[in-house]
Amino acid sequence: MDISALRSAHPDHWKKATAIRTLTLDAVAAANSGHSGMPMGMADVATVLFEKHLNFDPKAPDWPDRDRFILSAGHGSMLLYSLMYLTGYEDMPLSQVKDFRQWGARTAGHPEYGHARGIETTTGPLGQGIANSVGFAIAEEIQRATWGKKIIDHYTYVMAGDGCLMEGVSHEAIGLAGMQKLGHLIVFFDNNNITIDGTVDMADITDQPKRFAAAGWHVQEIDGHDPDAIDAAITAAKKTNRPSMIACKTHIALGHAAQDTSKGHGALTDKEHLKAAKEAYGAPMGDFEVDPDVKKQWEAIGARGEDTRKDWEARFATLSASKQAEFNRTYAGEAPKKLSAMIRALKKQVTEGQPKVATRKSSEMVLEVINPVMKETIGGSADLTGSNNTKTSDLGVFTPDNRKGRYIYYGIREHGMAAAMNGMALHGGAKPYGGTFMCFTDYARGAMRLSALMGVPVTYVMTHDSIGLGEDGPTHQPVEHLAMLRATPNINVIRPADTVETAEAWELALTSRKTPTVLSLTRQGLPTVRKDHKTKNLTAQGAYVLADAEGKRQAILMATGSEVSVALAARDLLQAKGIGTRVVSMPCWELFEEQEESYRKRVLPAGPVRVAIEAGIRFGWDRWLFGERGKREKSGFIGMHGFGASAPAERLFEEFGITAEATVAKVDALLK
Ligand SMILES: Cc1ncc(C[n+]2csc(CCOP(=O)(O)OP(=O)(O)O)c2C)c(N)n1
Ligand SMILES: [Mg+2]
């Protein structure tokens, strides 16, 4: 690569792009770790994008109508940090760049949402960013249709590398975006033919432009170091009504001894090579040194969006006060005030009617009430709409011809759905929920973990949550999934026992600000176990006494979801034998853990034998069986010990010993 030709062809551009390269080299060298090559390769694309196209204002990083910039190739984090420092984001002073990858710094190894305003999403697990961006673009389309172009009209720009495009989730994202004709989504493919192990063709010979074109995308191929070509390609991409992919032929670690090699992917810390690269660039030689003129030019780029933002604010101010309040409410992620009154009314009605329904159906009953008053909800399912009961009558379907539709047919794309929901929630003004079978949380897990890590309150509607789904058999019957989800920090896993608890669970999910929720719902019908109306949201306490012992309290039965009614039946049998038995419904462990010690002690007092009943594996239950004042030798577990089987549900509960009778036998044995 002839660096001098690039330098002389566009000297002003070159200096600006070079600042990204030298800051990256210096930050990685100082940290003695990180990834130098990607920012060095994509610096030209980033410079043209920020200078000529991206609508952004470092002074107002949360301005709702800004363009979104998603660094899907999150290992290239220094690209983002350099851009934020150069253009003048308050959260990104030079000291942060110097502290790259250090304890307490905002400049983590990979971009972390919430560390600095201006980081739109957490990336690093390859493929997530491009899949998030589909959600960003869907949210933008829906809001543009809803609020009008003068309030919402922006683009989502993404940088994705070979790795992002090789990851399976990108296939789901690309397919969904192409079908949905997300014209405001523009992806730059860092086409450098290098990954960690070597050249891309060692593992993949996919023709990426053809792949995107086959999915309905507008595709261009350019020299990723030619600023004119980059500019022209972005201009063309903005005009088409299809999502755009710009394959940018680049050189990883441009201008460094490691250029075009897999060594260039990682940390380039060799002092001599670093010096030689800076010399070849004609850049200032000092550590973290940026020519003051060049910094000024970057700051001018940063200042470019201020007027646009202020114009937007003026347009926003022309909305009626109530519309402004509604917009601000949804962007703040607040539920409407009337939500809890509506949930209470539904609970009262359910308690009176005492329906026997599956909790997936209960969930639909709740959504029928919620969706008409929370217009920011965006529902969907990964091709299991009729099974997940996620679609309510008022939503309308989101398609290229109906941008106001709030229901998304995600297709068979669990991971893509979860990642898109993260994007919608991060975009702002949207409350996404989506469904699949509980067993396929495995397929969605990469993105679900990021919901938790980022603290975005999306809701996962996971139905068919045990062997209770019956005949479909062990491939479809989750057993370890509750444990896996409960092991993940910052997820509320709620397994409601009936319609009342389901309504309470939805209230918690929709008022959650920083924690995603998994609703674990049944396929099979369940009796109403909450027979007395309580206005208070008991599920919010995580666990509570559903039925207390009569006479001397000798046993406590703890259960969740479909097994709460098993516990109640066991209690009837035990009480008939004179064994005082308390039933504790435990819909959400995480929330119970958050309660005061004194409350937990009241619910789970020392003394009685304890039996937990759940149609999943035991993992985790010991915390409640013999933590919290319980005793190992006085506790037992009724549940699954391996995979399920294909048979009618009732037979399965019998065969696997998850019955009232088995519970009674366990209690009897423990009391001996
Ligand atoms: C899901 C996932 N798998 C593996 C990694 C580890 N990893 C980080 S970068 C990378 C190679 C990426 O190649 P490419 O996207 O072409 O980046 P480039 O080398 O061009 O910078 C790998 C395997 C990761 N971050 N995420
Ligand atoms: Mg690459």
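The values are calculated or read from the model by the stated rules, or taken from the named source; none is laboratory data. Bear in mind the structure is a predicted one, so any value in this text is a computation, not a measurement. No Cβ is skipped: glycine too gets one built from the backbone with ideal geometry, and neighbour counts run over all protein chains shown. Heads up: the accessible areas ignore ligands, DNA and RNA and are worked out on the full protein's heavy atoms, side chains in. Shrake-Rupley method; radii C 1.70, N 1.55, O 1.52, S 1.80 Å.
Quick check on T123: is it β-branched (V, I, T), over 21 Å from I230 (Cα atoms) and within 16 Å of ligand 2 (Cβ to nearest atom)?
yes
Would you call A177 away from ligand 1 (no atom under 11 Å from the Cβ) and in contact with an Asp or Glu (Cβ under 6 Å, 6 or more places away or on another chain)? For A177, the condition - away from ligand 1 (no atom under 11 Å from the Cβ) and in contact with an Asp or Glu (Cβ under 6 Å, 6 or more places away or on another chain) - is not met.
For A137, the requirement of being aliphatic (A, V, I, L, M), surrounded by fewer than 19 Cβ atoms within 10 Å (Cβ to Cβ), closer than 19 Å to R413 by Cβ and more than 16 Å from ligand 1 (Cβ to nearest atom) is not met.
L508: closer than 18 Å to G644 by Cβ and in a helix (DSSP H, G or I), yes or no? So L508 does not fit the description; no. In segment 204-239, how many residues are within 16 Å of ligand 2 (Cβ to nearest atom) and in contact with an Asp or Glu (Cβ under 7 Å, 6 or more places away or on another chain)? Selection size over segment 204-239: 3. Can you go through A419, A452, A487, A447 and tell me which one is surrounded by fewer than 24 Cβ atoms within 10 Å (Cβ to Cβ), under 15 Å from the mean Cα position of the chain (by Cα) and in contact (Cβ under 8 Å) with a residue 60 or more places away in the chain? Going through A419, A452, A487, A447 in turn, the sole match is A452. Listed conditions (1) in contact with a Phe, Trp or Tyr (Cβ under 6 Å, 6 or more places away or on another chain); (2) in a strand (DSSP E or B) are all met by I70, apart from (1). Across segment 119-128, the number of residues qualifying as over 13 Å from the mean Cα position of the chain (by Cα) and surrounded by fewer than 24 Cβ atoms within 10 Å (Cβ to Cβ) comes to 2. For segment 152-200, which residues satisfy the criterion of being within 16 Å of ligand 2 (Cβ to nearest atom), among the hydrophobic types (A, V, I, L, M, F, W, C) and crowded, with 24+ Cβ neighbours inside 10 Å? Within segment 152-200, V158, M159, A160, C164, L165, V187, F188, F189, I194 qualify. Scoring R144 on the criteria (1) within 16 Å of ligand 1 (Cβ to nearest atom); (2) touching a residue at least 60 places away in the same chain (Cβ under 8 Å); (3) of a type outside the set (V, I, T); (4) over 25 Å from V97 (Cα atoms) leaves a single failure, condition (1). Yes or no: M78 without any contact (Cβ under 8 Å) to a residue 40 or more places away in the chain, open to solvent by less than 30 Å² (accessible area, probe 1.4 Å) and either of a type outside the set (D, E) or on the phi < 0 side of the Ramachandran plot (or both)? No. Residue-level check: of (1) over 23 Å from G37 (Cβ atoms); (2) in a loop (DSSP other than H, G, I, E, B); (3) in contact with a Gly (Cβ under 9 Å, 6 or more places away or on another chain), W103 misses just (3). Restricted to helices (runs of 4 or more DSSP H) entirely inside segment 1-65, those with at least 1 residues that are crowded, with 24+ Cβ neighbours inside 10 Å are 11-31, 37-48.
Select, from T535, T581, T511, the only residue that is over 29 Å from A425 (Cβ atoms) and open to solvent by 40 Å² or more (accessible area, probe 1.4 Å).
When all the criteria are applied, what remains is T535.
Is there any pair linking a residue in segment 98-117 that is modelled with pLDDT of 95 or more to one that is surrounded by fewer than 19 Cβ atoms within 10 Å (Cβ to Cβ) and of a type in the set (F, W, Y), with Cβ under 8 Å and at least six apart or on different chains, and which? Close Cβ pairs (under 8 Å, with a partner that is surrounded by fewer than 19 Cβ atoms within 10 Å (Cβ to Cβ) and of a type in the set (F, W, Y)) amount to K98/F288.
Might you let me know whether segment 214-235 holds any residue that is in a loop (DSSP other than H, G, I, E, B) and either in contact with a Ser or Thr (Cβ under 6 Å, 6 or more places away or on another chain) or within 13 Å of L165 (Cα to Cα) (or both)? Yes - at least one qualifying residue is present in segment 214-235. Just one of the listed residues (G620, G561, G607) is in contact with a Pro (Cβ under 7 Å, 6 or more places away or on another chain) and at positive phi, and it is G561.
The condition (being in a helix (DSSP H, G or I), touching a strand residue (DSSP E or B) at 6+ places or on another chain (Cβ under 7 Å) and open to solvent by 30 Å² or more (accessible area, probe 1.4 Å)) is satisfied by just one residue among R344, R360: R360. Listed here are the helices (runs of 4 or more DSSP H) enclosed by segment 574-672 that have at least 2 residues being over 26 Å from A505 (Cβ atoms) and within 38 Å of the chain's Cα centre (by Cα): 649-655. Candidates R68, R117: the one that is touching a strand residue (DSSP E or B) at 6+ places or on another chain (Cβ under 9 Å), closer than 30 Å to A145 by Cβ, among the basic types (K, R) and away from ligand 2 (no atom under 16 Å from the Cβ) is R68. Y89 meets the conditions (1) more than 16 Å from ligand 1 (Cβ to nearest atom); (2) open to solvent by 10 Å² or more (accessible area, probe 1.4 Å); (3) within 30 Å of R406 (Cβ to Cβ); (4) not in a helix (DSSP H, G or I) in every case but one. The failed one is (3). The test for being of a type in the set (A, V, I, L, M, F, W, C), within 16 Å of ligand 1 (Cβ to nearest atom) and buried (at least 19 other Cβ atoms within 10 Å of the Cβ) holds for L71. Taking segment 455-484, which residues are on the phi < 0 side of the Ramachandran plot and either under 13 Å from the mean Cα position of the chain (by Cα) or open to solvent by 40 Å² or more (accessible area, probe 1.4 Å) (or both)? Listed by number, the residues that qualify are V456, P457, V458, T459, Y460, E471, D472, P474, T475, H476, E480, M484. Hey, any hits in segment 130-144 for a residue that's within 16 Å of ligand 2 (Cβ to nearest atom) and under 17 Å from the mean Cα position of the chain (by Cα)? Yes, the conditions are met somewhere in segment 130-144.
Assessment of segment 238-258 against the conditions (of a type outside the set (F, W, Y), assigned to a loop (DSSP other than H, G, I, E, B), over 35 Å from the mean Cα position of the chain (by Cα) and surrounded by fewer than 17 Cβ atoms within 10 Å (Cβ to Cβ)) yields at least one matching residue. In segment 555-566, is there at least one residue being open to solvent by 30 Å² or more (accessible area, probe 1.4 Å), over 21 Å from the mean Cα position of the chain (by Cα) and not small (G, A, S)? Within segment 555-566 (the criterion being open to solvent by 30 Å² or more (accessible area, probe 1.4 Å), over 21 Å from the mean Cα position of the chain (by Cα) and not small (G, A, S)), the answer is no, since none of the residues qualifies. Residue count for segment 185-210 satisfying the condition of being within 18 Å of G135 (Cα to Cα) and in contact with a Lys or Arg (Cβ under 8 Å, 6 or more places away or on another chain): 1.
When segment 201-213 is limited to residues that are hydrophobic (A, V, I, L, M, F, W, C) and assigned to a helix (DSSP H, G or I), the one that is least open to solvent (accessible area, probe 1.4 Å) turns out to be F212.
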